[in-house]
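Single-structure report; data block below.
Quick note: the coordinates plus some simple rules give every number you see, no bench work behind them. Since the structure is predicted, the reported quantities are computational estimates derived from the model, not experimental observations. We place every Cβ from the backbone using ideal geometry, glycine too, and count neighbours over all the protein chains shown.
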Amino acid sequence: MLAFIARRLVYMISTLVLISFVGFLIINLPPGSYIDVFQAQRQLQGTHTAEAELEALKRRYGLDKPVPVQYWIWVRGFVRGDFGRSFEFNREVSELIWERLGFTVAIATGSLLFIWLVAIPIGIYTATHQYKLGDNVATIVGMAGLSIPDFMLALVLMVVIQRLFGFTVGGLFSREYVDAPWSLAKVIDLVKHLWVPIVVVGTSGTAGLMRIMRGNLLDILNMQYVQAARARGLREATVVVKHAVRNAIHPLIMLLGMSLPTIISGSLIVSIVLGLPTTGPLYFNALRQQDMYLAGTFLMFLAFMLVLGNFLADILLGLIDPRIRYE
Amino acid sequence: MSDQSLTLPSAVSEPQAADVEVNLSAGEIGQLSLWYLIWRRFLRNRLAVAATFVLLLLYLMVALAEFITPYDHLLSNEDFVARAPQLPRFRDAAGQFHLRPFVYGTTTELDTYNLDWVHKDDTSQMYPLKLFVKGVPYKLLGLFPSERHLYGVDEPGTVFLLGTDRLGRDLFSRIVFGGRISMTVGLIGVSLTILFGSVMGTISGYFGGPVDTVIQRFIELLMSFPAIALWAALAAAMPADITIVTRFFLISIILSLIGWTSLARQVRAKVLAFREMEFSSAATAAGASHFRIIMVHMLPNALSHIIVIATLAIPGMILAETALSFLGLGILPPAVSWGTLLQDAQTVGVVIKKPWLMLPGAFVIVSVLSFNFLGDGIRDAVDPFAL
């Protein structure tokens, strides 16, 4: 098991290095150098940029040096927690990123739990009741869930909640808690707001996972060992839950890592509509403003999160399925 | 050895194929081509056939946009800002029935509390709907000059079947013209996806070794980014001063730059399996070049799978374009796509007050659903020997 983890770890680190290349590429992709954009931004804000300041920036990012050196200077900064500077906010990127990434992780984790808690039971039900009314309804609802753009679903859900319960959703905190220090009441308030994005982001994922669970379970229910279990006179519930479902869930854990990118994508867009203080609004705004150090770092961290998630899913799979370890 | 004898058995890659042919040795069914069998099986799937008709209808609508729409989609009309849909009616306020449907005129009042113009149906004015009315001149399909439009009403009446937007532009006209971009961006993106995906997948699977490793690592790298974030980053890097057409093509390219990965993986798996089969060993023994083996023996066999994956990739691309344009990173105004139209409906307040602004979303859902059903239908049909 240790050798397996070590192998996966080396693999993960090499991927992280590649991702940092892409992050750097994205930062340098837009036309015009960082200095040009910086100056233009300053002019828009009505301030003059001193020559000395530009010199300092050039030295900080090594902009007068060849590209590989620039990359090295950027990467070296990570150790000190230096990811560059956002000129739109005139703050360090690292200050802006942490809290927002935290909320993104919270929503992604919540959605993942939601997807599993909803999709697995429905998947089991539809597989054991193939072509019955419930199965057909679930199929149609699932197809619809896959076809609705996330942001529209968020809007519709907000309207429905507003009509039914008469309170406004959106944001992560009620007005009185936004700037308040963390307390139990603030956490409760957060949970009250968090479920809407979780449900919205989870819905499209649920549709997909439900179908996969149904297919897996149907395959397994046709296997002979299931027949054998029935022949031994076990109750049908025992056959399904203890013998079939266990084996049907294995492949889903592999999907766990692969479904993370979709969930993160969903949460980015939904946050815009719901006005959540997560990565989404800041990231897309940074892109529109060509605030590239902020955008590139965000993108890199999102990918880091995904790779880490994949790594954890791999280890989980290795723990429950010994065959994987000796691949 | 002729090609025919090599490709025929391989076209039938399913193991049951041989049994079926033996059973049907006397009938003409044994001589039906694989594609005919696929077609016949596809026709049996009612949902997929219905979806095909819906899609054909949508594409026809988009192609004949100038004829179908009553107004110029860019023409703003300050007298009818954000007017609710004018529904065609058969029964007037007095309860009398009219065989020819009509729409009511509009009365406009100023809501002094919200400082907003409020448009109401004016039941005293009735404008019957007419077919093939004269309107703005245009060139149908860019070739035939005409000034007839499918439907319309006499001046000074207006017919906004799906309402108007915040500049008083006819929403139906905008949706139809927006469909031109939204419905084609996926098609172009998918053709590029097929190109990249099958080339990379075949190379990866056929040659194996270090080439395979490099390509697979590259695919994993691309897959470890949330797609929408990477799309947005690439879209944001486009220069701002390019024309609408260039932007449209660049966006299709960006969509396919990430979309090819899953296709490449599945093609690779197929090619890996084919490489072990007798027909490819036979081709190698007969002295066929790598290029010939790939083009004549591998790709035709994988073609049906490529088509399935490609069809199922189109809805993702339509949704991606919608999301990007919704975020202001895709198609930019004055060009219209379903995503840019949905930008008007970004807040709950708007959705409650002017729900018809969500209608472009309905078109997105219908086209995405149809492509999903079509893809499912083709997937079930390409395996015509399964029961």
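Structure notes:
- The phi torsions of segment B:95-100, fed into the Karplus equation with coefficients 6.51, -1.76 and 1.60 and a -60° offset, translate into couplings of x, 8, 8, 10, 5, 8 Hz, rounded to whole numbers, with Gly and Pro shown as x.
- The Cα-based radius of gyration of segment A:195-270, divided by its Kirkwood radius, gives an Rg/Rh of 1.14.
- Average other protein chain Cβ within 10 Å of Cβ, residues B:231-241: 6
- Taking label points 7 Å from Cα along the Cα-to-Cβ direction, B:F291 and A:R288 give a separation of 4.9 nm.
- Cβ neighbours within 10 Å from other chains - mean over B:370-376: 1
- Chain B: angle of helix B:227-236 to the longest principal axis, Cα-based, in degrees nearest 10: 70 degrees
- Charge dipole magnitude, Cβ of K and R +1, D and E -1 - the protein assembly as shown, Cα centre, debye nearest 20: 1280 debye
- In a reduced charge model with +1 at each Lys and Arg Cβ and -1 at each Asp and Glu Cβ, chain B shows a dipole moment near 160 debye about its Cα centre.
- Cβ-defined net charge surrounding A:G81, 11 Å radius [Lys, Arg +1; Asp, Glu -1]: -2
- Where the alpha-carbon atoms of the protein assembly as shown are placed on the principal axes, they occupy 80, 78, 60 Å, in descending order.
- Quick note on segment B:105-208: its Rg to Rh ratio, both from C-alpha atoms and Rh being the Kirkwood radius, is 1.27.
- 17 Å cut-off, amide nitrogen to a point 7 angstrom out along B:T108 Cα→Cβ, residues in segment B:157-189: B:157-161, B:163-171
- Global geometry of segment B:299-367, whether rounded, prolate or oblate, following the gyration tensor of its Cα atoms and the 1.5 cut on a/c: prolate
- Counting neighbouring beta carbons within 10 Å and listing from fewest to most, the residues B:T123, A:T279, B:T202 come out as B:T123, B:T202, A:T279.
- In segment A:261-327, the alpha-carbon atoms span a convex hull of 98 Å³ per residue.
- For chain B, the longest principal axis of the Cα atoms and the long axis of helix B:171-207 meet at an angle of about 10 degrees.
- Under 5 Å between amide hydrogens, built in the peptide plane, is the criterion, and for A:L234 it picks out nothing among residues at least 5 positions away or on other chains.
- Length gained on full extension, A:T109 to A:Q227, computed as 0.36 nm times the residue gap minus the Cα-Cα distance: 38.8 nm.
- Its convex hull of Cα atoms gives segment A:100-280 a direction-averaged projected area, equal to a quarter of the hull surface, of 12.2 nm².
- Rounded to the nearest 20 debye, dipole of segment A:100-280 from Cβ charges on Lys, Arg, Asp, Glu: 500 debye
- Options B:A233, B:G142, A:A313, ranked by Cα towards positive dipole end of the protein assembly as shown, top entry (Cβ charges): A:A313
- For chain B, the longest principal axis of the Cα atoms and the long axis of helix B:359-381 meet at an angle of about 20 degrees.
- Placing a label point 7 Å from the Cα of A:F78 along the Cα-to-Cβ direction, no residue of segment A:95-109 has a backbone N closer than 14 Å.
- The spread of Cα positions in chain A, taken along each principal axis and listed from longest to shortest, comes to 85, 56, 38 Å.
- Remark on B:G168: its backbone amide H falls under 5 Å from those of B:N77, B:A82, a criterion applied only to residues 5 or more positions apart or on other chains, H modelled at 1.01 Å from N.
- Per-residue mean of C-beta atoms belonging to partner chains within 10 Å, peptide B:347-353: 5
- Applying the Kirkwood pairwise sum to the alpha-carbon positions of chain B produces a hydrodynamic radius of 24.4 angstrom.
- Order of B:S337, B:S198, B:S304, B:S76 under a 10 Å beta carbon neighbour criterion, fewest first: B:S76, B:S304, B:S198, B:S337
- Spin-label pair A:L319-B:D92: with each label point 7 Å from Cα along the Cα-Cβ axis, the two points sit 7.6 nm from one another.
- Reachable lysines from B:K353, criterion Cα separation under 19 angstrom, eight or more residues apart if same chain: B:K120
- What the Cβ-Cβ distance of B:I253 and B:A273 gives, at R0 = 35 Å and to the nearest 0.05, is a FRET efficiency of 0.70.
- Within chain A, the selection of entire DSSP H helices by a Cα span of 18 Å or greater along the long axis and an average Kyte-Doolittle value of at least 1.6 returns A:2-28, A:150-165, A:292-320.
- Whether segment B:59-122 is rounded, prolate or oblate, judged on the alpha carbon gyration tensor where a/c under 1.5 counts as rounded: oblate
- Distance between segment B:235-297 and segment A:108-126 - C-alpha centres, whole angstrom: 34 Å
- Cross-link pairs exceeding 31 Å between alpha carbons, from the set B:K130/B:K354; A:K132/A:K242; A:K132/A:K192: A:K132/A:K192.
- Proximity of backbone amide H atoms, modeled 1.01 Å from N, is registered between B:T106 and B:D122 at under 5 Å, excluding neighbours fewer than 5 places apart on the same chain.
- The value for segment A:185-327 of Rg(Cα) / (2.2 N^0.38 Å) is 1.41.
- Whole-Å distance, taken between Cα centres, linking segment A:249-327 and segment B:352-379: 27 Å
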